[in-house]
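Below is one structure; the comments refer to it alone.
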Amino acid sequence: MPSSEPATDLRLEPGHPHPLGAHLRDSGCNFAVFSPQANRLQLCLFDDRDQPMGEELLLHRTGDVWHGYLPALPPRTRYGFRADGDFKPSRGALFNPNKLLLDPYAVALSSPFEPHRSLYAHDASDLTCLKPCPLDSAAHVPKGLTPIPDDFDWQDSRAPQTPWPDTVIYEAHVKGFSQLNPDVPENLRGTYLGFAHEASVAHLQSLGVTAVQLMPCFAFMSEPRLPNLGLTNYWGYNPVSFFAPDPRYAIDDAVIEFKTLVRALHQAGIEVIMDVVYNHTAESDLLGPCLSQKGLHGPWFYRHKHEDFSHFIDNTGCGNSVNLHEEITLQLVMDSLRHWLQTYRVDGFRFDLAAALGREEWDFSSRAAFFMACNQDPVIRHSKLIAEPWDIGRGGYQLGQFPNNWYECNDRFRDTLRRFWRADMGVMPELANVLMGSRDVLNKSTHSSSTSLNYVTYHDGFTLHDLVSYNDRHNAANQERNLDGHGNNLSFNWGKEGETGDDNIARHRQQIKRNMLATLLLSQGAVHLLGGDELNRTQQGNNNAYCQDNDISWVHWDQKDGPFQRFIAQCIDIRRSSTLFRNLVFDAPAHSDAPVTTDAVHWYRNDGYAMEIRDWQNPHTRCLGILLSTDIRNPAINLHQCEEYYLVMLNSGGHACTFTLPANPHSGWKVEFDTAQNDGLRPEQTERIKRDYELKPHSLVLLSRCDPYT
């Protein structure tokens, strides 16, 4: 911890204009910040009680970069900047020396960001004529912390480097995951260390997931309107810093504790993927807070109308859009990505609203500067890169248009599975397509695995339990008149809205949930699971709980080690046991009117005959068999020669049907699981099945080769 006494030597030397940010050099620290329009820039230092340490120090200037070197400055010294210059909003100039600004490259913060009326460059009490705000913001702005020597003990932990087809991602919120876990010490719950605790890691290992996707850990701030409603931005998709882990999840030192989290997961063979928000910041539009970028170089950092810097372009729905078409902004984002990969050793990123990152001057391009920069970078290009393939701007839906090494969140998979298992008509052709990895849009080269990241539920939307419990969203707690959140959820409550005491409805809901996750885990492409679904987590029908830092969002652990959790672990284990479920490679793309059939994949009707075009096009078809095997051209003749084969049978209809097995291997078939029996768990005794199987309504059954000697 830094001393509360002033530094012994506050004589500012010229220093160097690169690299940007605060960097240790010899026994001191070099500061460099980009601000082309500023007339002067001051470095402000604070002690550990947030009191100013002496006079503010004027930085030197080289081109558009201001810089200075302090030869004797302890690590973790608090600092910020004040920028002086013109206050002309129409030119994007919002300089106000009353505002303390966070270093865009700050690697650690003294405290979390919270909204306050002093954080605006303009006088928010009078919007008839924008004029500078006279309030000093220093007391309400978290300070950057000068870096410490990087001597963290990684204890020989290694990145798991799980191949993409083997990847099963578990999405979780740092706080919500451990906040209510009784097996985590109370003082650690809701923190980075709580996530790193052995009880948390053991749960992830028991499921068999290969990666954790952490919801935003960048330092963020709630939208200013939320505290007035008694709410807060719980999800964290409103960043202030692209380099600093948010201190609200730390007990003492967010940098050390986030590294501890990564180390613990790596030691357990689990990768860490960060959900990152580079598309916008908490500074919002012209009338939003002035926290960092806006007060230093807003016209370079944010998209705006041509020659009208006062009109921010909003492709994100959050007031502003980060301008990666600008070189200095692209440099900052690339530096941020390398920082997390090298300093924290994370394994990859899920990019929120990634279409916004691929916009050139106006429109999206798959060869945008950002993608080209990532793909040539010797560090970034080897990490896992995931796109949320849309934003809300013109031409914002770009599924399938990202570079070959990017995986994409496949909402078509989500919607098709939801429609199929609630027995919608005419779904079968698209179902077959998404089960094989949506290769019509996500087979990006001639001979490759699918780059589809398949999911049924995500943080933004219903949990899996709510998906089968509610027909409509119930977002009253968000205080937006129940108008927020997605309106087309493709959900079904199966007889009663919300929780029920009817055992039949409850059992049926669990069966539908088993169907959805079994289908997900037996499909081609990588897999995304929503954390807490294995524990039957409910948000009480809220499908947009971004502002609910409370019981609505936190994971409850009362159903830990229950049958549904064991069922999911079983399906993950089956998926891992065979490449047939995760790594089929097709030379030709699938077609919606006739799903792909190869020597490894064959499709069957319930009468045992191969599906024909008329069957695919029949809107009433609700039963399907999928034979997966290794290079069997004619299963009816030589299936018995294959050592590995599986039959997946799906019945989304409300009536039972007899499924005549399409091939009759000498050894017969055995049941791996039936979602309509035994909570979907493997039967205790092996039953040899030769010809027919009775498929219950709304069920999925997996059969495999029966050992001929049993």
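One line per residue, one yes/no per condition, for (1) buried (at least 16 other Cβ atoms within 10 Å of the Cβ); (2) in contact with a Leu (Cβ under 8 Å, 6 or more places away or on another chain); (3) without any contact (Cβ under 8 Å) to a residue 40 or more places away in the chain; (4) in a strand (DSSP E or B):
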residue: W154; (1), (2), (3), (4): no, no, no, no
residue: T162; (1), (2), (3), (4): yes, no, no, no
residue: I169; (1), (2), (3), (4): yes, yes, no, yes
residue: D183; (1), (2), (3), (4): no, no, no, no
residue: N187; (1), (2), (3), (4): no, no, no, no
residue: G194; (1), (2), (3), (4): yes, yes, yes, no
residue: V201; (1), (2), (3), (4): yes, yes, no, no
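Set side by side, the residues G176, G85 differ, and just one is among the small types (G, A, S) and under 30 Å from T463 (Cβ atoms), which is G176.
Please report, ordered by residue number, the strands (runs of 3 or more DSSP E) entirely within segment 314-431 with at least 1 residues that are open to solvent by 20 Å² or more (accessible area, probe 1.4 Å).
Values: elements: 348-351, 384-387, 406-409.
Counting at least 1 such residues, we get no strands (runs of 3 or more DSSP E) at all.
Among the criteria (1) buried (at least 16 other Cβ atoms within 10 Å of the Cβ); (2) in a helix (DSSP H, G or I), the one I148 does not fulfil is (2). If the condition is being in a loop (DSSP other than H, G, I, E, B) and surrounded by fewer than 21 Cβ atoms within 10 Å (Cβ to Cβ), then segment 234-269 contributes A250, I251, D252, D253, A268, G269. Being buried (at least 20 other Cβ atoms within 10 Å of the Cβ), outside any strand (DSSP E or B) and not charged (D, E, K, R) holds for only one residue in N543, N504, and it is N543.
Scanning segment 551-562 for residues that are under 22 Å from the mean Cα position of the chain (by Cα) and open to solvent by 50 Å² or more (accessible area, probe 1.4 Å) gives D551, H556.
R76 meets each of the listed conditions (1) under 21 Å from Y120 (Cβ atoms); (2) within 35 Å of the chain's Cα centre (by Cα); (3) in a loop (DSSP other than H, G, I, E, B) apart from (1).
So which residues in segment 124-146 are out of contact with any strand residue (DSSP E or B) (no Cβ under 7 Å at 6 or more places or on another chain) and either among the basic types (K, R) or modelled with pLDDT under 95 (or both), if there are any at all? If the condition is that a residue be out of contact with any strand residue (DSSP E or B) (no Cβ under 7 Å at 6 or more places or on another chain) and either among the basic types (K, R) or modelled with pLDDT under 95 (or both), then A124, S125, D126, L127, T128, C129 are the ones that fit. When E684 is tested against the conditions (1) part of a loop (DSSP other than H, G, I, E, B); (2) of a type in the set (D, E); (3) surrounded by 13 or more Cβ atoms within 10 Å (Cβ to Cβ), the lone failure is (3).
Output the residue which, of all residues in segment 114-132 that are part of a loop (DSSP other than H, G, I, E, B) and in contact with a Lys or Arg (Cβ under 9 Å, 6 or more places away or on another chain), is least open to solvent (accessible area, probe 1.4 Å).
Taking segment 114-132 and keeping what is part of a loop (DSSP other than H, G, I, E, B), we get 114-116, 120-121, 123-131.
Checking which are in contact with a Lys or Arg (Cβ under 9 Å, 6 or more places away or on another chain) leaves us with 115, 120-121, 123-125.
On the way: P115: 37, Y120: 33, A121: 4, D123: 31, A124: 54, S125: 105 Å².
Per the stated criteria, the residue is A121.
Each residue in segment 379-409 was checked for being out of contact with any Gly (no Cβ under 9 Å at 6 or more places or on another chain) and not polar (S, T, N, Q), and 15 pass. Checking each residue in segment 471-492 for being crowded, with 16+ Cβ neighbours inside 10 Å, touching an Asp or Glu at 6+ places or on another chain (Cβ under 9 Å) and closer than 21 Å to H173 by Cβ picks out R473, H474, N475, N478, G485, N489.
The values are calculated or read from the model by the stated rules, or taken from the named source; none is laboratory data. Given the structure is predicted, the values throughout are model-derived calculations rather than measurements. When we count neighbours, we look across all protein chains shown, and the Cβ atoms used for this are built from the backbone with ideal geometry, even at glycine. The area values use the complete protein model at the heavy-atom level, side chains included, leaving out ligands, DNA and RNA. Shrake-Rupley method; radii C 1.70, N 1.55, O 1.52, S 1.80 Å.
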